[in-house]
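Quick notes on the structure that follows.
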Amino acid sequence: MTEGSTQGLTRGVADQVRPRPALASLPPYAAGRPPTPAEGLTAYKLSSNENPLGPVPAAARAVADVDTLHRYPDPTASTLRSTLAETLGVDAEDIVTGTGSLGALTQIINAFAGVGDDGVPDQVLYAWRSFEAYPIVVRTAGAQDITVPVAADGRHDLEAMAAAITDRTRVVLLCTPNNPTGPALSHQEVEGFLAQVPRDVVVVIDEAYQEFIRLPDAVDTLALYRKHPNVVVLRTFSKAHGLATLRVGYSIAGQEITQHLRKVAVPFGVSAVAEAAAVASLRSSQEIAERVDRLVDERQRVRAALTEAGWDVPDAQGNFIWLPLGDRSADFAHQAGVQALSVRAFQGDGVRASIGEAEANDRFIELCRTYRFGG
Ligand SMILES: *Cc1c(COP(=O)(O)O)cnc(C)c1O
C-alpha cells in the first residue's frame, strides 16, 4: 500500500466533513423571536432592539430609486464614507464600512486576533453579559475570549478589565451603552481605562446605540480615536436609523488600524441599496434626531413606570430596558408571550425588552406591574 492510500483509509474512517475544533465552542446566536399572536391583541416584537418607527421616508425612497441592482456596488462605499466624514468631522480615510457593524467588528477581530504564531490563541477581553455576537466572532477567529462580569448595576467593571489584560490580549471590546444591561460609559472612565491599556492592544468601542445616550459626560469616542491610535469606534445604521435589514455599519480609526481592516473586509460588503439608504438617512439628520428623541422619551417613561412599580432597573441609555430577573427570566418571557410581546430572555441572568410602539410599551409596563413568578 502506498502512503497515499493509507492516508486515504485513515481519512475514510471519519467518513464525514470536519469543521474546525473552534466551532464546537460557539454558542448559537439566538435571534430575537417574532411575537406569537394572542386573541384580541396586536403582537409586538421587543426582542431585537429594532427601531419601531422604521427608516425616514427619504431612506425608503432612496432604496426604491436604486436602478443598478445588476451591478456590483462601489467596493469602498465612497459616497457613504464622504457623507459620514462630513457629518462627523473625520477623515473619510478613517472610515471602513462593513456588513452591519457586526461585519465591521469581524474585520477588526480577523485582523488583530486569532491563533498566535506559537499556536496559542490570542485573547480578546470584554465584559459579560454583553452583546451575544462577541463570543461567536472571537471564537470563530480562533482567539480566546476572556470575560469580566459586569457589576450588579449592569456597568462595565473597568478596573477588573484593566487587571485582566495579559501579554496575550490583542483586543478589548467596550460596549456603550452595554447591550443588554443598559448603562453607558463616561468619558473620564474610558480615558482612565485607556491609560492602563498597552499601546499595542486594540480597544474597540461599540457604540451601536450612541444616538440614544442622554448623559452630560458620555464618552466622546471621536476625541478618543484622534488621541489614541489603538482606538476603534464602531457604529451602525441598524438602530437609530432603522435600517437593520440593509446591514450597514462602519468603524472609525486611524490609518495604523484601517489599513489592515481593508485587507480583510469582505469585498462588496455594503450593497448599493444599503449605501443609498444610509446616505439619505444621514442627510435627514433633523428627522432622525426627532425620532430618537421620541424613543428616548418612551424609554424614560417606561423606566420611570417600572421604578415606580418597585423594579430595580439599571440605567437605560439604549433603546431597551434590562430586567435582572435571574432564574425567573424564562418565566417572565413566557408571560410576556401570553400578552403577545416577544422579549429576549437570558435565563439565569435577565430579560431585555426593546422600546417599541407606545401600545407595546404600555402593555409591557402593565405586565411588569402585575408580574408574579409562575403566573
Ligand atoms: C445591534 C448591535 C449591533 C449592530 O449590529 P449590526 O450588525 O450593525 O446590525 C452592534 N453592537 C451591539 C452591541 C448591538 O446591540
**OP:** Of all residues in the range 364-375, count the ones that are open to solvent by 30 Å² or more (accessible area, probe 1.4 Å) and part of a helix (DSSP H, G or I).
**Re:** 3
**OP:** Go through the range 231-344 and tell me which strands (runs of 3 or more DSSP E), entirely inside it, have 2 or more residues that are among the β-branched types (Val, Ile, Thr).
**Re:** 231-236
Subject >> So Ala133, is it open to solvent by less than 60 Å² (accessible area, probe 1.4 Å) and closer than 30 Å to Ile321 by Cβ >> reply: yes
Subject >> Scope the range 77-90; condition touching a residue at least 40 places away in the same chain (Cβ under 8 Å) and either on the phi < 0 side of the Ramachandran plot or within 16 Å of the ligand (Cβ to nearest atom) (or both); matching residues >> reply: Ala77, Thr79, Leu80, Arg81, Thr83, Leu84, Thr87, Leu88, Val90
**OP:** Sort out which residues of the range 263-288 are open to solvent by less than 50 Å² (accessible area, probe 1.4 Å), under 30 Å from Asp362 (Cα atoms) and more than 20 Å from the chain's Cα centre (by Cα), and write them in order of number.
**Re:** Ser284
Original post:
Just checking, how many residues over the range 91-113 are in contact with a Lys or Arg (Cβ under 8 Å, 6 or more places away or on another chain), more than 8 Å from the ligand (Cβ to nearest atom) and under 19 Å from Arg139 (Cβ atoms)?
Top reply: 3
**OP:** Tally the residues that are crowded, with 17+ Cβ neighbours inside 10 Å and either aromatic (Phe, Trp, Tyr) or modelled with pLDDT under 95 (or both), restricting the search to the range 312-361.
**Re:** 4
Original post:
Can you spot a residue in the range 50-65 that is closer than 30 Å to Phe346 by Cβ, open to solvent by 20 Å² or more (accessible area, probe 1.4 Å) and assigned to a strand (DSSP E or B)?
Top reply: no
Subject >> Selection count where residues are in contact with a helix residue (DSSP H, G or I) (Cβ under 8 Å, 6 or more places away or on another chain) and either within 16 Å of the ligand (Cβ to nearest atom) or not in a loop (DSSP other than H, G, I, E, B) (or both), scope the range 206-220 >> reply: 8
Subject >> Selection from the range 244-256 of residues that are more than 16 Å from the ligand (Cβ to nearest atom) and free of Cβ contacts under 8 Å to residues at least 60 places away in the same chain >> reply: Glu256
Original post:
Quick check: anything in the range 42-62 under 25 Å from Gln317 (Cα atoms), modelled with pLDDT of 95 or more and among the aromatic types (Phe, Trp, Tyr)?
Top reply: yes
Subject >> Residues satisfying the stated conditions in the range 166-182, i.e. open to solvent by less than 30 Å² (accessible area, probe 1.4 Å) and either more than 13 Å from the ligand (Cβ to nearest atom) or more than 16 Å from Tyr209 (Cα to Cα) (or both) >> reply: Thr169, Val171, Val172
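The values are calculated or read from the model by the stated rules, or taken from the named source; none is laboratory data. From a predicted model like this one, the values you see are computed outputs, not experimental measurements. Backbone-built Cβ (ideal geometry, glycine too); neighbour counts: all protein chains shown. Ligands, DNA and RNA are excluded from the accessible area calculation, which covers all protein heavy atoms including side chains. Shrake-Rupley method; radii C 1.70, N 1.55, O 1.52, S 1.80 Å.
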